[in-house]
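Only one structure is covered here, and it is reproduced in the block below.
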Amino acid sequence: ALEIAAAGGHNIIMVGPPGSGKSMLAKRLPSILPDMTFEESLQTTELYSIAGVLPEGVSLITERPFRSPHHTVSPAGLSGGGAIPRPGEISLAHNGVLFLDELPEYNRTAMEVLRQPLEDGTVTISRAAGRLTYPCSIMLVAAMNPCPCGYYGHPTRKCTCSEGSVQRYLSKVSGPLLDRIDLHVEVMPVEFSDLNNKAKAEPSSAIRERVNAARKIQNERYKGTGISCNAMLTPAFLHQFCVLTEGAQNMLKTAFERMGLSARAYDRILKVARTIADLDGSEDIDVQHIAEALQYRSLDRKYWGN
């Protein structure tokens, strides 16, 4: 799921018990992110220069930003502010990742601040001294426990929370915000056999090669449109660039009716399926691509369904 998110620039939320590796996975994400283009490097460097946080001796930022503000961050800290409006965490993550660990612990107002920037890719700050708009084309990566104790739905450990406290905890993350997140992933507890396994896993460099190849396809496809990745596809371009086979179209139609998906969820499933097809080297979106994309839209029904 993180490979798909990196390849298409998609927002992702990971839900799972403590110690299942959610934060570790998010912090390793920069190692598989695609290389920055020269234009992206310039945009990010300009923002850091305006904010006065450009590292000393660095004239051009070439690594994608990874911002991880603490859950006590204020709405102004996220969106930007001050007498002369300066970029906040959302803009400082432009062309990179904004990681929010323990998402329900964030101030509700701060979380809702994310909704418009996630949709538009820009954030506008109005003050008496003036009104400024900063870019914020970001990948939102969020992690959270399923309940206050962390063990709701755990296969072996008993959850000590009441049903009401679980629902109150989950309701801190609003439906409209959840709807703007493309990939919903359940992170299961790590088995002893996996921890004790001495076999070498696939290195990040190999995953990054696939991510770069998929992003190269996207750069070629969207040349001259102002779009740099699948997550940025506008509804006007969706049907032009997301061509489905007949089988894929039938599957999506059935899922849309049975799952009661919103128009926004429909768009996001198409974008994720487009990325999966790109990683597969496929020009058209086929049944298996739609099937995988749909699997990443089930957690909102499992945890937030009632």
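Remarks
- Segment 143-164, subset free of Cβ contacts under 8 Å to residues at least 24 places away in the same chain and more than 24 Å from the chain's Cα centre (by Cα), residue most open to solvent (accessible area, probe 1.4 Å): 158
- Residue within segment 226-233 that is farther than 16 Å from residue 33 by Cβ and either surrounded by 11 or more Cβ atoms within 10 Å (Cβ to Cβ) or modelled with pLDDT of 90 or more (or both) present: yes
- Being closer than 26 Å to residue 116 by Cβ and either open to solvent by 60 Å² or more (accessible area, probe 1.4 Å) or without any contact (Cβ under 8 Å) to a residue 12 or more places away in the chain (or both) is a property that holds for residue 236.
- If you filter segment 47-69 down to residues that are among the polar types (S, T, N, Q) and within 30 Å of residue 22 (Cα to Cα), you find that the one that is surrounded by the fewest Cβ atoms within 10 Å (Cβ to Cβ) is 62.
- Whichever residue in segment 75-109 is of a type in the set (Val, Ile, Thr) and open to solvent by 10 Å² or more (accessible area, probe 1.4 Å) and, among such residues, is modelled with the highest pLDDT: 109
- Of everything listed in (1) assigned to a helix (DSSP H, G or I); (2) without any contact (Cβ under 8 Å) to a residue 24 or more places away in the chain; (3) open to solvent by less than 60 Å² (accessible area, probe 1.4 Å), the single unmet condition for residue 215 is (2).
- Residue list for segment 127-142, filter: in contact with a Ser or Thr (Cβ under 6 Å, 6 or more places away or on another chain) and either surrounded by 18 or more Cβ atoms within 10 Å (Cβ to Cβ) or small (Gly, Ala, Ser) (or both): 134, 135, 136
- Residues that are in contact (Cβ under 8 Å) with a residue 40 or more places away in the chain, farther than 14 Å from residue 143 by Cβ and among the aliphatic types (A, V, I, L, M), drawn from segment 58-110: 83, 84, 90, 92, 93
- Residue in segment 239-255 that is of a type in the set (Phe, Trp, Tyr) and either open to solvent by 60 Å² or more (accessible area, probe 1.4 Å) or not in a helix (DSSP H, G or I) (or both) present: no
- Scanning segment 281-303 for residues that are open to solvent by 60 Å² or more (accessible area, probe 1.4 Å) and either at pLDDT 95 or above or under 30 Å from residue 171 (Cβ atoms) (or both) gives 288, 292, 295, 301, 302.
- Among the candidates 210, 258, residue that is under 29 Å from residue 119 (Cβ atoms), at pLDDT below 90 and part of a helix (DSSP H, G or I): 258
- All of (1) of a type outside the set (Lys, Arg); (2) open to solvent by 10 Å² or more (accessible area, probe 1.4 Å); (3) in contact with a strand residue (DSSP E or B) (Cβ under 8 Å, 6 or more places away or on another chain) hold for residue 167 with one exception: (3).
- Lone unmet requirement of (1) assigned to a loop (DSSP other than H, G, I, E, B); (2) under 19 Å from the mean Cα position of the chain (by Cα); (3) in contact (Cβ under 8 Å) with a residue 40 or more places away in the chain for residue 227: (3)
The values are calculated or read from the model by the stated rules, or taken from the named source; none is laboratory data. Everything quoted here is computed from the prediction, not taken from an experiment. Reconstructed Cβ throughout: ideal geometry from the backbone, glycine too, with neighbour counts over all protein chains shown. For the accessible areas, the whole protein counts, side chains as well, though only heavy atoms, and no ligand, DNA or RNA atoms are used. Shrake-Rupley method; radii C 1.70, N 1.55, O 1.52, S 1.80 Å.
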